[in-house]
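Q: Right, I'll just put the structure down here and ask away after.
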Amino acid sequence: KLIGAGVATIALAGAAVGIGNVFSSLIHSVGRNPSLAKQLFGYAILGFALTEAIALFALMMAFLILFVF
């Protein structure tokens, strides 16, 4: 069980990289075109929410492996 939960948490590292990538792209895009900052921020928040949802699903699976099975 412990090894399975540990393997399930590897997805959290991928989600962290994804969130960093989203905001890195936001900073880069706003630097290139500041007039679209408001619209790009909305897209960045959407990308953050979807990436964070994947991280929460991975964490939920790790807890299910630990405490249910």
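Read the figures in this text as sums done on the coordinates, not as results from a lab. Values in this document were obtained by computation on a predicted structure and should not be read as measured data. Neighbour counts are summed over all protein chains in view; Cβ atoms, including those assigned to glycine, are modelled from backbone coordinates with ideal geometry.
Results for (1) in contact with a strand residue (DSSP E or B) (Cβ under 9 Å, 6 or more places away or on another chain); (2) farther than 16 Å from Phe63 by Cα; (3) not aliphatic (A, V, I, L, M), shown as yes or no for each residue.
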position	(1), (2), (3)
Gly6	no, no, yes
Leu12	no, no, no
Ala15	no, yes, no
Ser25	no, yes, yes
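Q: Looking at (1) touching a residue at least 12 places away in the same chain (Cβ under 8 Å); (2) surrounded by 12 or more Cβ atoms within 10 Å (Cβ to Cβ), find the lone condition where Phe69 falls short.
A: All conditions pass for Phe69, except number (2).
Q: Go through segment 18-42 and report how many residues are touching a residue at least 12 places away in the same chain (Cβ under 8 Å) and hydroxyl-bearing (Ser, Thr, Tyr).
A: Matching residues across segment 18-42 total 1.
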